[in-house]
Amino acid sequence: MKRFVGRQVVQLAIVIVGISILSFSILHVIGDPVVLFVQEGAPKEEHERFRKLLGLDQPVYVQYWRFASRAVQGDFGKSWYGDMPVLDLVMERMPPTIYLTFAGLAVALLIAFPLGTLAALRRHTIVDTFCTMVAVGGQAMPIFWLGIMLIIIFAVQLRLLPASGYGTWQHFLMPAFTLGAFLAPITMRLVRSGLIDVMSTEYIKTARAKGLGERMVVAKHAFRNACIPVITVLGLQFGQLLGGAVVTETVFAWPGVATLTVEAIRNQDFPVVQCAVVLLALIIVTVNFIVDLVVGLIDPRVRVGA
Amino acid sequence: MSQRTVFAVLSIALVFLFAAGAGAQTRDETIVYAITSDVDTWDPPNSVQRTAIIFGYQVFNHLAERDLKTMKVGPALAVSWKALDDTTWEVKLRQGVKFHDGSPFTARDVKATFDRVLDPTKKMTARGNHAKVKLVEVVDDHTVRFRTDGPYPLFVERLTAQVMQSEKVMKDKGHDWMQEHPVGTGPYKLVKWTRKQEHLLVRNDDYWGPKPALKYVRIRIIPDVATQIAELVSGGVDIIKAVAPDQMDVIDKSGQARTSSSPILRTAFFQIDQAGRTGKSPFQDKRVRQAANLALDADGIIKHVLNGLGDRVATAVNPMAFGFDPSVKPYKQDLAKAKQLLAAAGYPNGFDFRIRTTIGTVEPGVAQTNEALIADLGKAGLRAQQSFIGESVPYISQVKEGKAGPMFNWSWGYYSIFDADAILYDVFTCGQVYSYYCNKQLDDLVHAGRSILDEKKRAEIYVKAQRLLFDDAAYLFKWGLRGVWGISNRLEYEGPRDEIDRMYLVKPRKS
Amino acid sequence: MATLEATHAGSMPEPTGLQSVRRRLWRLKWGVAAGVVLALIVASAVLAPSIAGHDPLRVNIRHRLVPPAWMSGGDAAHLLGTDQVGRDLLSRILYGGRVSLVVGIAAVSISSTIGVLLGLAAGYFGRRTDWAIMTAVNIMLTFPFVLLALSVIAVMGPSLRNMILVIGVAGWPIYCRVVRAQTLAIREREFVLAGLALGMSHARIVFRQILPNVISPIVVIATLQIAQVIILESFLSFLGLGIQPPTPAWGNMLGEGRIYMLNSWWIATFPGLAIFLTTLVINLMGNALRDWLDPHMKL
């Protein structure tokens, strides 16, 4: 166990460093951030002045070293626009995204578990087909399209919910559903296949033989094991979830870290992008690490493959 | 998953759902204004964003401000100004004005403001606006003198671009504090800023000028334009800007809001690489550039694609700018003559070339008009392959680095200076980063125009410059833009021509 | 990171007689129906030049935003109406299908090739190779796709080729993980060990003995990924990074048309339906394929 954890931590560190180098070099090739600083009509000398002030006149590896040596001490620098410490900026926007992600996850589970179970228990019937259709249909819908449709129906036509924004529980409903619909199909699929697998194992057959009711068998024994693939894959999907969050946050004017990151990429605010990318990577890697740990504890077989 | 876990997940979700918070201000007293992206700072001279200029107008004042009816620059924190000689301006300040923190506004604040902005060791973006100012001197508490580097005809125009900040705050609180805490002399005060979400402003009851009609302003950040419109027609938001011409009917038919359009100080055109910055091209031949101009049915596009929201111009000089010459008549579509000119230039069958395009909120309907313009060029044999770049930084980089030829779509906002020089110098003279045109005759005219203060002589110079640009078909000339605002029916407001929304001019509508 | 795919490697069911084939086909009736629909969609895209009534790029600013033919104000010449610059929507959808399907197939070919090769290498050679490749996988899975897409498109320009490249290069980790897990399991089986003992070359073992055994999950994933890529293309268009105008692709038509949802709904709705229908049938077919090849596959 100790070796397993140790190796994972080393990998985690390498992944984070790799990501920071990758994003650093990518930012430098996208374009020249100075173009946004120099106002229209400003004299040409302003270009050089800003390049110096932002440290862009140094070679790229020097710039990276400067960033990295401070970052390990928790100092990610200040935003180029507005001079705010970027760590504060990113941490301030983190909670809305995390809430949204959890709410989306909750919606996905609420849809996926009943449908997935139903499909697994009534395999190859019309019920199964229907559940599969719902899942596949959800997956076939571009997420921003769903978001806009919800706004048109519930905010513009019915006037039941606020079209966008953040703050009250009403604001949560449409974004959470949008993100949930994005996640539900794959979750449902995993629940279904996981349950089908488990239901045919000796272990369940034994439980049945002991005379437990079908409902008890499913609830007590099958679910726990069917959860393993669900947890693993959801962990892996966490990164993708952020992609979904970008769209959801944009459509619903949700003040989260995903839009902050995309906006910073567009404005080439290097310190903000670096900080956000590293922190998000840290979260994703940690989530997966915990998932592995949990799954490893439940099912020792998988540790071999790590 | 055990039931307990399910409950845990559910209850966490519910806690988040009910973590609510609502403002104390009532809807009737509040204007909700939507913008697409948040400012990064409440210190306007330290910002790169146009939005920061708008924000500055709500909370700060400038020495001079533009009257939206007459479009003339008039007094604000300055009551009068005059040029003592070619390089010295004297400005008299308003008395009895107080900052939000209660301290009085004096000449020392003006000097401190300019000294801070002009300091080359500081990362202030506004420095470029005032590079011609050499020195600011305090004469007495309410008189300031500006020394400039050579004659500076745009001095007064430039005063409208600089908010006045407090010397005391600069000294006591410092730069970092000022980024989040604006202390101005303006009609509203900042109450609360939730980054990337919203700003809440409250009326400054000690304001020296006419007091705003509505007590609160909420500025909401809504990135997607489709969502902004949905908010406006469902009553969540009161004022939105940069509405696409195609969306006007949605707003007008909603019963909840209406649109208001106004000409704005921005002209759109396709720049042509006459100077050969990107390399040789057929467009360096004057006849080819004339043919391109003759191929366009700009009037038809304005009418059918822009719902009439454009003002055809003969060159790139905007009708609202000082020096505009209405006697030059724009090119009219004449495909036969265009083909004839192309043949004379050695291209009887036309030719293929690349045109770079981008989108941006600043030019309404640009994606649609670009497609229509390119189709028109094709009719004369100028077959353009569109190379679309969606991101502004790479696009601007390419333009500035001289890689965007032989043709690209561009528009110019005159950095809000209502003067022909604000486009001619930057976009048409040799060697400027945004200029793809180089002509010694024009250079001489532009340089003459910016080295004298006499308005009449300057106007004559600009008339000559416009004739020259028209005859030489410097670029592919399009139109002056009109901005479209969406405004809630409960409010009285009109879209401003300088694109700077002033919330203190909004009034409740009498029903 | 742990992998679970290993548990059911290579359990291919053997069909027994015509009877069971027919029964299994019946079970997969939805998949078969989906296949027929997909064939029709592909055919319409391939045949677009001969069945589309209009040039998809022809702009007519005097006929903008014409509603579908059955609505009032509709024009029989434009069955699904016209878009924001007066181009025929039906023709654009037919041509757009070509672009979207090409992007889907090409991007999936790239990512599956990279993924399979790296997965085989990681699983077969193990140790350092495995570690290096899995680290790369983890970096890819954690790196924001938007940043990658933005940089490639900003630097290399937003062409069809670069779009395929971005999606193709970003998509390989999923194949790599699956193939690696399968390879790990197969590597220890008798026939591979026997091959090694007989002195077969690594290349021969990997490509002749292992690859055939991992091909069926790859086919299933690849099919499902085509649908994902089509959706991804619309996501990139939403961010303004999609295929450049005026080239029609379903994703950019949907992205550009979304602001018209409140007045000219057809501009975004029909491309949206095209995406929906296509990804739906691809997914149904993928599911059927999975059930056919290996009902225990966890995808």
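Just so you know, all these numbers are worked out from the coordinates, no wet-lab data involved. Bear in mind that the values here come from a model prediction, so they are computed numbers and not experimental data. Cβ placement follows ideal geometry from the backbone for every residue including glycine, while neighbour counts extend to all protein chains displayed.
Which of the trypsin sites (Lys or Arg not before Pro) across the range C:37-84 are loop residues per DSSP, with 10 or fewer other Cβ within 10 Å?
Filter output for the range C:37-84: empty list.
Could you work out the mean count of beta carbons from other protein chains within 10 Å of each residue's beta carbon in A:166-174?
The mean count of partner-chain Cβ atoms within 10 Å per residue comes to 4.
How high is the FRET efficiency between B:ARG509 and B:ASP252 when r is their beta carbon distance and R₀ equals 22 Å, given to the nearest 0.05?
The calculated FRET efficiency here is 0.90.
Enumerate cysteines in the protein assembly as shown without a disulfide-compatible partner, where compatibility requires another Cys Cβ under 4.7 angstrom.
A:CYS131, A:CYS227, A:CYS275, C:CYS176
According to the square roots a ≥ b ≥ c of the eigenvalues of the Cα gyration tensor, what is the shape class of the range B:265-482, taking rounded for a/c under 1.5, prolate for a/b larger than b/c otherwise, and oblate for the remainder?
Judged from the Cα gyration tensor, the range B:265-482 comes out rounded (a/c under 1.5).
In deg cm²/dmol and to the nearest 500, what is the mean residue ellipticity at 222 nm of chain A if only DSSP H runs of at least 4 residues count, each as -39500 (n - 2.57), divided by the residue total?
Taking each H run of at least 4 residues, the total per residue is -24500 deg cm²/dmol.
Just rank B:TRP42, C:TRP292, fewest to most, by other beta-carbon atoms within 10 angstrom.
C:TRP292, B:TRP42
Can you tell me how much longer the chain between A:TRP169 and A:THR201 gets when fully stretched, taken as 0.36 nm per residue apart minus their C-alpha distance, in nm with one decimal?
7.2 nm
Projecting each Cα onto the charge dipole of the range B:265-482 (Lys/Arg +1, Asp/Glu -1 at the beta carbon, about the Cα centre), which of B:GLY365, B:PHE322, B:LEU377 comes out farthest on the positive side?
Checked the options; the winner is B:LEU377.
If R₀ is 51 angstrom, what is the calculated FRET efficiency for the pair A:ARG208 and C:LEU277, using the beta carbon separation as r and rounding to 0.05?
E(calc), rounded to 0.05, equals 0.75.
Taking +1 at the Cβ of each Lys and Arg and -1 at the Cβ of each Asp and Glu, which of B:SER435, B:GLY276, B:ILE423 sits farthest along the dipole of the range B:265-482 towards its positive end, judged by Cα position relative to the Cα centre?
My answer, from the dipole projection, is B:GLY276.
Past the 22 Å Cα-Cα mark, which pairs from B:LYS98/B:LYS173; A:LYS78/B:LYS168; B:LYS69/B:LYS253; B:LYS173/B:LYS211; B:LYS241/B:LYS332?
Result: A:LYS78/B:LYS168; B:LYS69/B:LYS253; B:LYS173/B:LYS211; B:LYS241/B:LYS332 exceed 22 Å.
State the answer as a single residue: which of A:ALA181, A:VAL191, A:LEU260 lies farthest towards the positive end of the charge dipole of chain A, with beta carbon charges of +1 for Lys and Arg and -1 for Asp and Glu, about the Cα centre.
A:VAL191
Label points 7 Å out from Cα along the Cβ direction at C:TRP70 and B:HIS181: separation in nm?
Reported label-point gap for C:TRP70 and B:HIS181 is 6.5 nm.
Within 15 Å, Cβ to Cβ, of A:LYS78, how many net charges do the neighbouring residues add up to if Lys/Arg are +1 and Asp/Glu are -1?
So the surrounding residues net to -4.
So how far apart, in nm, are the two label points at B:LYS329 and B:VAL191 if each is 7 Å from Cα heading toward Cβ?
It works out to 5.8 nm between the two label points.
List, in the order given, every pair from B:LYS196/B:LYS510; B:LYS400/B:LYS464; B:LYS280/B:LYS303; A:LYS52/B:LYS478; B:LYS337/B:LYS403; B:LYS72/B:LYS329 whose Cα-Cα distance in the structure shown is over 29 Å.
The pairs that break the limit, which is 29 Å between Cα atoms, are B:LYS196/B:LYS510; B:LYS280/B:LYS303; A:LYS52/B:LYS478; B:LYS337/B:LYS403.
If you build a Gaussian network model of chain A, linking Cα atoms that sit under 10 Å apart, which residue out of A:THR286, A:THR129, A:THR232 swings the most?
It is A:THR129.
What's the exposure ranking of B:ILE452, B:ILE229, A:ILE152, C:ILE226, going from fewest to most Cβ atoms within 10 Å?
Least crowded to most crowded, the residues run B:ILE452, A:ILE152, C:ILE226, B:ILE229.
Would you tell me the mean number of C-beta atoms belonging to other protein chains that fall within 10 Å of each C-beta in B:393-403, as a whole number?
Mean partner shielding for this stretch: 5.
I'd like the distance separating the alpha-carbon centroids of the range B:209-226 and the range B:314-346, in whole Å.
Each part reduced to its Cα centre gives a spacing of 41 Å.
Using only DSSP helix segments of four residues or longer, with each worth -39500 (n - 2.57), what per-residue ellipticity at 222 nm results for chain B after dividing by its residue count and rounding to 500?
That calculation yields -8500 deg cm²/dmol at 222 nm.
Assign unit charges at the C-beta atoms only (+1 for Lys and Arg, -1 for Asp and Glu), then state the dipole size of the protein assembly as shown relative to its Cα centre in Debye, rounded to the nearest 20.
2440
Could you list A:VAL10, C:VAL206, A:VAL272 in order of exposure, starting from the residue whose Cβ has the fewest other Cβ atoms within 10 Å?
Ordered by Cβ neighbours within 10 Å, fewest first: A:VAL10, C:VAL206, A:VAL272.
Which residue fluctuates the most in chain C, going by a Gaussian network model with Cα springs under 10 Å, if the choices are C:LEU120, C:LEU241, C:LEU262?
C:LEU262
Hey, rough spin-label estimate for A:LYS2 and B:HIS447, points 7 angstrom out along Cα→Cβ, what's it come to in nanometres?
Taking the two extended label points, one gets 7.9 nm.
DSSP loop (so not H, G, I, E, B), at most 15 other Cβ within 10 Å: list which GluC sites (Glu not before Pro) in the range B:431-509 pass both filters.
B:GLU494
Cα to Cα, under 16 Å, and not fewer than 8 places away if on the same chain: which lysines meet these conditions relative to B:LYS192?
B:LYS215
Please get the size of the charge dipole for the range B:265-482, origin at its Cα centre, with Cβ charges of +1 on Lys and Arg and -1 on Asp and Glu, quoted in debye to the nearest 20.
Here the size comes out at about 420 debye.
Compute the signed sum of charges (Lys and Arg +1, Asp and Glu -1) over the other residues within less than 13 Å, Cβ to Cβ, of A:GLN58.
Once positives and negatives cancel, what remains is +2.
With +1 on each Lys and Arg Cβ and -1 on each Asp and Glu Cβ, and nothing else charged, work out how big the dipole of the range A:1-98 is about its Cα centre, in Debye to the nearest 20.
Rounded to the nearest 20 debye, it is 700 debye.
Work out the mean other chain Cβ neighbour count within 10 Å for the residues of A:262-269 and drop it here as an integer.
5
Compute a Gaussian network model of chain C, connecting alpha carbons closer than 10 Å, and tell me which residue from C:LEU150, C:LEU47, C:LEU18 fluctuates the most.
Answer for the Gaussian network model of chain C: C:LEU18.
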